Every structure is written in C-alpha cells, then in structure tokens.
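A quick write-up on the structure given underneath.
The values are calculated or read from the model by the stated rules, or taken from the named source; none is laboratory data. On a predicted model such as this, the values are computed, not experimentally measured, just so you know. Quick reminder, even Gly has a Cβ in these numbers, built from the backbone with ideal geometry, and neighbours come from all protein chains shown.
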Amino acid sequence: MTHVELPTPALVIDAEKVRRNLRRMAEYAAAHGLKLRPHTKTHKSVMLGRMQTEIGGAAGLTVAKAGEAAVMIDACDDLLIAYPTVDRLRCEAVAELAARKTVCVGLDSAAAVEALSAAATSAGSTVGVLVELDVGMHRVGVQSPQAAVALAQKVARAPALPFAGLMFYPGHIGTKPDEQTAPLAAVEAMLGETLDLLRRGGLEARIVSGGSTPTAMRSHLVRGLTEIRPGTYIFNDMNCVRGGFAALDDCAARVVCTVVSDVVPGQVVIDAGTKTLTSDRCGPAPDSGHGHVVEYPAAKITRLTEEHGQVDVSGCDRVPKVGDQVTVIPNHICPCVNLQDRVYWQELGEAPRPLTVDARGRVF
Ligand SMILES: Cc1ncc(COP(=O)(O)O)c(C=O)c1O
C-alpha cells in the first residue's frame, strides 16, 4: 500500500478491516440475541454510521452529544443520546430531533427529566428516557436500584417522556475478556435488582443498554441486557490491543506520518504530535508511549509536543531516515478522529479517498 501522495499526518482507514470488525460484532450480537447500537463517537461519520446499520447489524446508533445527534440522525431512524441532557439549549435541540426520528436519552437526575420534558412538550415531540445506572465507573448514573426506580417513576409521570428502560456503561471493566466474569456478575446483580424493583413498581424496561468494546464479547454473561453500545470496535486502537480485546491486524485506523528530523542520536521526529495523536496514554500499559510504530515495532514514541513526535529508535535494528513515512496506531483512536477534518478511506488496490469527519468538533 502506498501513502506517498497523502499530506501527512494522514489518518488512513482500512476499509476491509472496518468491514471485518463490523461483521464480527454483528455476528456476536446476533448469536446472543442482543441488539447492537454502536457508539458513533469513534468515527463521527454518516457514511460509517450507515455502514453500521446496513452491513454491521446495528438496530440503531448511539451518540454522546446533541450536536452529534443532529449529524447522525441522517444515518439511522433510532438514536440514543447516551449523555445527560440538562440545559435548555441542548434539551431543545434534542426535542426537535425527536420530532423527526425515534430519539432516546440516558439521564440520571430529576433536573434533566424536568428540562427535557419541558422542551419535548413545547416541541410537540416525545423523547424516550433510559435511566442511567452507575455500575462501578462512578462517572454518571444513579447510585442504587432504589434511586433508579424513583427516577423512572418521575419519568413515567413527566409529560412527553415515555420511560424506555435502563442504560449503564461498564467503563471500569478493562481486564482481559476471560477475567471479566466476576466484575460482570456484579453488574448483573445490580441490574437484576433494579429490574425486579421496576417490575414490582409496575414499570417495564423495554431497553436495557450496556456494553463497551472491552466487555462487548462478554455481554452474554449479563442477563437482562437487551442491547450493547461498543464504539471503538469499528477501528480498534492500542488500548484494545494491549487490553487483549483486539489484535494489531484488527486496527483499521492508522496515522501515516513523515520523519522530519533525525539529528538527535537514537531518535527520529515524526510530524504527528498531540494535535494528531492526543496526549492519551495507553490505559492497559501506561509506559508504552504514544502509539505503536507499525514498521518499527521496537521504536517508542516517548514524547509529544503539539506538532512533533519524538521517537526513540535506539532499540531498532534499522531506522527510518528523514523523509520516510511511518505508520502509527494511536493509543486512543476516538479523540484522534475528532482532531481531523477528513480521514482517508482505503479500499484494497485503490487510492485513498478523503472522508469527511461529519460530526468533528460537535461537543455541544
Ligand atoms: C456511554 C458510553 N457508551 C458506550 C461507549 C463505547 O465504549 P467503547 O469506547 O469502549 O467502545 C462509551 C465510550 O466512551 C460511552 O461513554
């Protein structure tokens, strides 16, 4: 594959690997009777959102923010905003979208219920609500099954907000898949208690939405789950590789970089710094540097400044020279994509095509 024509640093997406990653997740979900609602924050592309629904087995899509929802609504008929929507502007934006397509929001506060209900009522739309449960990450989510039921009852009484079910994000579980049985059993126990209490209170959770890329392939261990929301799986990254959730060959998004300096002994400098690779360290291996250099596996990206990546090549048996191109698999691909206006879509044997990152920068 040649990347010589590309202006670097260039984020190149391998189409065949993407299709393989999508197929694998679709087959897993279908085999276990789970719906798939991929989180599109990883790619932020309408084309890839459509691909997830058309060939990737997705029954709907997930976004984080209202701004992403306004873009991704063109890619599907059923959207989950997996982020608390509390302020007036955001609630109004969501309520307007809900007049066009099926929209659900995950939330964890009475204030969010009131704000969203007011916005949906004045827009004349209905917004389904999933009550978010904290299953161990301690980021958002109500803190107990009892609190979930109390909030669900408030939702059920609120105008224009049908109670649709529960959601949770197991972002605290990053151990290897075969070590996830115990932490997932704890999730299942909390979920089971909540579902029991809901039923006794006369409320039905039609949707129980969970799943992350690390836990995706163990989702069948959590009884009660109806759908999963992996996002990173479409591309994978070094977090996935080092965590044991993907192989290097499954990493579909790679940054082609040019070596711009080699004057410091034992080091080369690439044209990708934090403005391309972000500052994210590798969660499962914090000392591993800022990404994996595919052609020089013994190289280590030791330090990034905004536009420079310092690569220690002292352990390599051969080294790239100034002007050479190297390919880097980032630690965390999602924020890297969000830094690009366009990425490059690479079909086998064809020249890479620019692909707009439609929801880039949509953090509202
Ligand atoms: C609420 C929520 N759901 C799903 C996901 C997707 O998880 P992953 O990035 O592991 O694929 C994320 C990721 O941040 C998330 O925050």
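Structure above, values below:
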item	result
Unique match (being closer than 23 Å to residue 31 by Cβ, in contact (Cβ under 8 Å) with a residue 40 or more places away in the chain, more than 14 Å from the ligand (Cβ to nearest atom) and not aliphatic (A, V, I, L, M)) among 223, 206, 254, 229	206
Condition broken by residue 191, with the remaining ones in (1) away from the ligand (no atom under 15 Å from the Cβ); (2) within 23 Å of the chain's Cα centre (by Cα); (3) of a type outside the set (Phe, Trp, Tyr); (4) over 21 Å from residue 143 (Cβ atoms) satisfied	(4)
Residues located in the range 238-250, provided they are buried (at least 23 other Cβ atoms within 10 Å of the Cβ) and either without any contact (Cβ under 8 Å) to a residue 12 or more places away in the chain or not polar (S, T, N, Q) (or both)	238, 240, 245, 246
Every residue from the range 233-251 that is closer than 20 Å to residue 30 by Cβ and near the ligand (Cβ under 10 Å from one of its atoms)	233, 234, 245
Single match in 304, 197 (criterion: aliphatic (A, V, I, L, M) and within 30 Å of residue 35 (Cα to Cα))	197
Enumeration of residues in the range 204-256 that are among the small types (Gly, Ala, Ser), under 28 Å from residue 150 (Cα atoms) and within 12 Å of the chain's Cα centre (by Cα)	211, 212
Residue that is farthest from residue 343 (Cα to Cα), among those in the range 277-302 that are small (Gly, Ala, Ser) and at pLDDT below 95	285
Count of the range 40-87 residues which are β-branched (Val, Ile, Thr), away from the ligand (no atom under 16 Å from the Cβ) and outside any helix (DSSP H, G or I)	2
Residue list for the range 150-181, filter: of a type in the set (D, E, K, R) and either closer than 17 Å to residue 104 by Cβ or more than 16 Å from the ligand (Cβ to nearest atom) (or both)	154, 157, 178, 179
Residues (away from the ligand (no atom under 16 Å from the Cβ), farther than 10 Å from residue 116 by Cβ and out of contact with any Asp or Glu (no Cβ under 7 Å at 6 or more places or on another chain)) located in the range 89-105	89, 93, 96, 97, 99, 100
